[in-house]
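Peer 1: Here's a structure for you.
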Amino acid sequence: MRTGFVSSDLASGDARVPDHTGLSKEAINRDFPILSRKINGKRLVYLDSAATTQKPQCVIDRIESYYASQNANVHRGLHTLAEEATSAFEATRDKIASFIGGVRREEIIYTRNATEAINLVAQSWGRKHIRENDRIVITRMEHHANLVPWLVLAEETGAELEYIPVDSQGRLILDNISNIIDSRTKIVALTQMSNVLGTINPVDEIIEVAHRRNAMVLIDGAQSVPHLPVDVKALDVDFMAFSAHKMLGPTGIGILYGRESLLDRMEPLIYGGEMISEVRYDSADWAELPWKFEAGTPNIAGAIGFAPALDYLNSTGMDKIREHEIELTEHALDRLAGLKFIRIYGPTSSEQRGGIISFVDSEIHPHDLAQFLDASGIAVRAGHHCAQPLMGLLGVNSTARASFYIYNTKDDIDELVSALRDARRYFIND
Ligand code: 7TS
């Protein structure tokens, strides 16, 4: 067994849980094997966690142990393996329900990712409740995942798609919010944290206004749930979507939280096995929540591997993770401000933003910059970040983006800053 892990009980489906509570360098190196990899002969500095996060050893081990010793399909077998797989698969659902504020397990739907969770709401809830001349409100900073499904729904139904504007610092402009969220508004869908600007939106305020108008609210939590303590009950939100892979978990598993009373009245989106209670040659009845929305064999390894990721986040503490990221963001904003050739987007105050920093160099294209940084072992993303309309609003085609997580350190940021200086010397003899 690796040092730092308490004993595991694989038969009961419990994962190996790291016994540290800090973010020491030793813990990071021990728990995230990929971070000891060299890229182009240099230490890997991973600054692309907004795209996907790295996985701790306990997650990797759990996926391996599931396939090595418990592999079976869920909900249908009476043999030992099937029972173990089902119990571990459903145990993750309970962990997720408690992670986001102690909701009911019936309210947690497994999807492939946040994108699918949002599509489920747009297509199942949306097609039933949205009519011509109704209003759907989103913001001008949405990821395509929370824009395109509403664009399509508006086109299909004849509803109006209205946008909450964004100011020059990348914050929502809420002055006119009572007119934007009007009596025709049926749903407001917005991100809690922008994947480009890092902005943390005051979703509680918006939920209150929406509910006064009897409109539903969907929060895109893809960037917030991994980085902030999020309590869907305290927020009183109707739907929330997020992805395991952005919070130390495996790819291919996402979550839709939905209020039980709403999910109960929604039609399934995908039909087939697993989601029925009884099928006849001329009709069928649907299964209870949450399985009504989970047709076909699910991502069993993904769900089971997500449990130790949640344990890891819980044992570290979401408050502590937020504090750590504020510290990193302040350090990065301070150091980057010293580079006169770098322009940063998003709020200047670290309290209003998460650990995502988009920037451009005045002379070097973001793609060239990202390639140059890669040669130094530094992974950043460059592009439109699946937010093309927002890029237009910022007046750029693309940006470079550094994003932080639990395993990043101030050294990582210092290496980025130093490599950005080197890039100037390399490209323009600055
Ligand atoms: N919403 C936001 C705010 C996101 O940042 C992303 C992914 C999604 C939804 C979609 O998540 P998925 O798991 O369904 O793909 N964001 C990014 C990114 O910024 N770079 O790569 C993926």
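Peer 1: Select from region 395-413 the residues that are crowded, with 21+ Cβ neighbours inside 10 Å and outside any loop (DSSP other than H, G, I, E, B) and list them in ascending order. If you could, list the steps in order and put the result at the bottom.
Peer 2: Of the residues in region 395-413, the ones crowded, with 21+ Cβ neighbours inside 10 Å are 399-408, 412-413.
If the condition is that a residue be crowded, with 21+ Cβ neighbours inside 10 Å and outside any loop (DSSP other than H, G, I, E, B), then T399, A400, R401, A402, S403, D412, I413 are the ones that fit.
Peer 1: Continuing with the same structure: Surrounded by 16 or more Cβ atoms within 10 Å (Cβ to Cβ), within 30 Å of G355 (Cβ to Cβ), in contact with a helix residue (DSSP H, G or I) (Cβ under 7 Å, 6 or more places away or on another chain) and hydrophobic (A, V, I, L, M, F, W, C) - does that describe any residue in region 65-88?
Peer 2: No: zero hits.
Peer 1: Right, here's the next one. Looking at region 115-138, can you tell me whether even one residue there is more than 30 Å from M318 (Cα to Cα), within 13 Å of the ligand (Cβ to nearest atom), within 22 Å of the chain's Cα centre (by Cα) and surrounded by fewer than 18 Cβ atoms within 10 Å (Cβ to Cβ)? Please lay out each step first, then the result.
Peer 2: Here is the first cut: in region 115-138, the residues more than 30 Å from M318 (Cα to Cα) are 123-136.
From what's left, within 13 Å of the ligand (Cβ to nearest atom): none.
Within region 115-138, not a single residue is more than 30 Å from M318 (Cα to Cα), within 13 Å of the ligand (Cβ to nearest atom), within 22 Å of the chain's Cα centre (by Cα) and surrounded by fewer than 18 Cβ atoms within 10 Å (Cβ to Cβ).
Peer 1: Then there is this: Of the residues that make up region 145-166, is at least one free of Cβ contacts under 8 Å to residues at least 12 places away in the same chain, of a type in the set (A, V, I, L, M, F, W, C) and within 30 Å of G305 (Cβ to Cβ)?
Peer 2: Taking region 145-166 and keeping what is free of Cβ contacts under 8 Å to residues at least 12 places away in the same chain, we get 148, 151, 155.
Checking which are of a type in the set (A, V, I, L, M, F, W, C) leaves us with 148, 151.
Filter once more, keeping what is within 30 Å of G305 (Cβ to Cβ): 148.
Yes.
Peer 1: State whether one or more residues within region 150-160 are within 16 Å of the ligand (Cβ to nearest atom) and within 17 Å of the chain's Cα centre (by Cα).
Peer 2: Looking for residues that are within 16 Å of the ligand (Cβ to nearest atom) and within 17 Å of the chain's Cα centre (by Cα), one finds none in region 150-160, hence no.
Peer 1: Further question: Within 16 Å of the ligand (Cβ to nearest atom), crowded, with 20+ Cβ neighbours inside 10 Å and under 18 Å from the mean Cα position of the chain (by Cα): does that describe G346? Before the answer, list the steps.
Peer 2: Numbers: within 16 Å of the ligand (Cβ to nearest atom): yes; crowded, with 20+ Cβ neighbours inside 10 Å: yes; under 18 Å from the mean Cα position of the chain (by Cα): no.
No, not satisfied.
Peer 1: For region 261-270, which residues satisfy the criterion of being more than 22 Å from the chain's Cα centre (by Cα) and either farther than 29 Å from I63 by Cβ or not in a loop (DSSP other than H, G, I, E, B) (or both)?
Peer 2: Matches in region 261-270: S261, L262, D264, R265, M266, E267.
Peer 1: From T115, T92, T52, grab the single residue that is touching a strand residue (DSSP E or B) at 6+ places or on another chain (Cβ under 8 Å) and either assigned to a loop (DSSP other than H, G, I, E, B) or at pLDDT 95 or above (or both). Before the answer, list the steps.
Peer 2: Values: T92 fails: touching a strand residue (DSSP E or B) at 6+ places or on another chain (Cβ under 8 Å); T52 fails: touching a strand residue (DSSP E or B) at 6+ places or on another chain (Cβ under 8 Å).
Testing whether each residue is touching a strand residue (DSSP E or B) at 6+ places or on another chain (Cβ under 8 Å) and either assigned to a loop (DSSP other than H, G, I, E, B) or at pLDDT 95 or above (or both) leaves just T115.
Peer 1: Among residues belonging to region 375-392 that are surrounded by fewer than 18 Cβ atoms within 10 Å (Cβ to Cβ) and over 21 Å from Q223 (Cα atoms), point out the one that is farthest from the ligand (Cβ to nearest atom).
Peer 2: Checked region 375-392; the qualifying residue farthest from the ligand (Cβ to nearest atom) is A375.
Peer 1: Follow-up. What residue, of S168, S194, is of a type in the set (G, A, S) and more than 15 Å from the ligand (Cβ to nearest atom)? Give the steps one after another, and end with the answer.
Peer 2: On the way: S194 fails: more than 15 Å from the ligand (Cβ to nearest atom).
After ruling out the rest, the residue left standing is S168.
Peer 1: State whether one or more residues within region 357-371 are polar (S, T, N, Q) and within 16 Å of the ligand (Cβ to nearest atom). Don't jump to the end; show me each part of the working.
Peer 2: Residues of region 357-371 that are polar (S, T, N, Q), as a first pass: 358, 362, 371.
Those left that are additionally within 16 Å of the ligand (Cβ to nearest atom): 358.
The answer is yes, given that some residue of region 357-371 is polar (S, T, N, Q) and within 16 Å of the ligand (Cβ to nearest atom).
Peer 1: Could you tell me whether any residue of region 404-416 is in contact with a Ser or Thr (Cβ under 6 Å, 6 or more places away or on another chain), within 15 Å of the ligand (Cβ to nearest atom) and at pLDDT 95 or above?
Peer 2: The answer is yes; a qualifying residue exists.
Peer 1: If you don't mind, there's one more thing I want to ask. Looking only at region 141-161, how many residues end up being surrounded by fewer than 18 Cβ atoms within 10 Å (Cβ to Cβ) and either on the phi > 0 side of the Ramachandran plot or of a type outside the set (V, I, T) (or both)?
Peer 2: Step one: of region 141-161, the residues surrounded by fewer than 18 Cβ atoms within 10 Å (Cβ to Cβ) are 144, 148, 151-152, 155-156, 158, 160-161.
Still in the running and either on the phi > 0 side of the Ramachandran plot or of a type outside the set (V, I, T) (or both): 144, 151, 155-156, 158, 160-161.
Adding up the residues that qualify gives 7.
Peer 1: With respect to the numbered conditions (1) more than 16 Å from the ligand (Cβ to nearest atom); (2) not small (G, A, S); (3) not in a loop (DSSP other than H, G, I, E, B), which one is the sole condition not fulfilled by V188?
Peer 2: (1)
Peer 1: Specify the residue that is nearest to the ligand (Cβ to nearest atom); the eligible residues are those in region 393-403 that are in contact (Cβ under 8 Å) with a residue 40 or more places away in the chain and not hydroxyl-bearing (S, T, Y).
Peer 2: R401
Peer 1: While we're here: Please work out which residue is nearest to the chain's Cα centre (by Cα), limiting yourself to region 315-337 and to residues that are small (G, A, S) and farther than 25 Å from G101 by Cβ. Spell out the reasoning first.
Peer 2: Our first condition is that a residue be small (G, A, S); within region 315-337, this holds for 315, 317, 332, 337.
Filter once more, so that each one left must be farther than 25 Å from G101 by Cβ: 332, 337.
Details: A332: 22, A337: 28 Å.
In this case the residue turns out to be A332.
Peer 1: Report, by residue number, each residue of region 225-253 that is within 11 Å of the ligand (Cβ to nearest atom), of a type in the set (A, V, I, L, M) and outside any helix (DSSP H, G or I).
Peer 2: Result: V225, A241, M247, I253.
Peer 1: Scanning region 332-352 for residues that are modelled with pLDDT under 95 and in a loop (DSSP other than H, G, I, E, B), which turns out farthest from I428 (Cα to Cα)? Outline the logic, then answer.
Peer 2: Within region 332-352, the first condition is being modelled with pLDDT under 95, and the residues that meet it are 348-352.
Restricting the remaining residues to those that are in a loop (DSSP other than H, G, I, E, B) gives 348-349.
Numbers: T348: 28, S349: 31 Å.
For region 332-352, the residue satisfying everything is S349.
Peer 1: Quick check on region 266-285: of everything there that is under 29 Å from V230 (Cβ atoms) and free of Cβ contacts under 8 Å to residues at least 60 places away in the same chain, which residue is surrounded by the most Cβ atoms within 10 Å (Cβ to Cβ)? Break it down into steps so the answer makes sense when it comes.
Peer 2: Residues of region 266-285 that are under 29 Å from V230 (Cβ atoms), as a first pass: 266-270, 274-275.
From the residues that got through so far, the ones that are free of Cβ contacts under 8 Å to residues at least 60 places away in the same chain too are 270, 275.
Values: I270: 13, M275: 19.
Checked region 266-285; the qualifying residue surrounded by the most Cβ atoms within 10 Å (Cβ to Cβ) is M275.
Peer 1: I've got another one for you. Spot the failing condition for K340; the list is (1) of a type outside the set (S, T, Y); (2) crowded, with 17+ Cβ neighbours inside 10 Å; (3) without any contact (Cβ under 8 Å) to a residue 60 or more places away in the chain; (4) over 30 Å from N73 (Cα atoms), and only one is missed.
Peer 2: Evaluating K340 over (1) of a type outside the set (S, T, Y); (2) crowded, with 17+ Cβ neighbours inside 10 Å; (3) without any contact (Cβ under 8 Å) to a residue 60 or more places away in the chain; (4) over 30 Å from N73 (Cα atoms) leaves (2) as the failure.
Peer 1: Any residue at all in region 353-373 that's in contact (Cβ under 8 Å) with a residue 60 or more places away in the chain and in a helix (DSSP H, G or I)?
Peer 2: Restricting attention to region 353-373, the residues satisfying the condition of being in contact (Cβ under 8 Å) with a residue 60 or more places away in the chain are 353-358, 361, 363-364.
Still in the list and also in a helix (DSSP H, G or I): none.
Scanning region 353-373 turns up no residue that is in contact (Cβ under 8 Å) with a residue 60 or more places away in the chain and in a helix (DSSP H, G or I).
Peer 1: With the condition kept exactly as written, say whether any residue in region 314-331 is modelled with pLDDT of 95 or more, buried (at least 19 other Cβ atoms within 10 Å of the Cβ), out of contact with any Cys (no Cβ under 7 Å at 6 or more places or on another chain) and farther than 30 Å from D231 by Cβ.
Peer 2: Within region 314-331, none of the residues are modelled with pLDDT of 95 or more, buried (at least 19 other Cβ atoms within 10 Å of the Cβ), out of contact with any Cys (no Cβ under 7 Å at 6 or more places or on another chain) and farther than 30 Å from D231 by Cβ.
The values are calculated or read from the model by the stated rules, or taken from the named source; none is laboratory data. Model, not experiment: these values are computed from the prediction. Ideal geometry is used to build each Cβ from the backbone, glycine not excepted, and the neighbour counts take in all protein chains shown.
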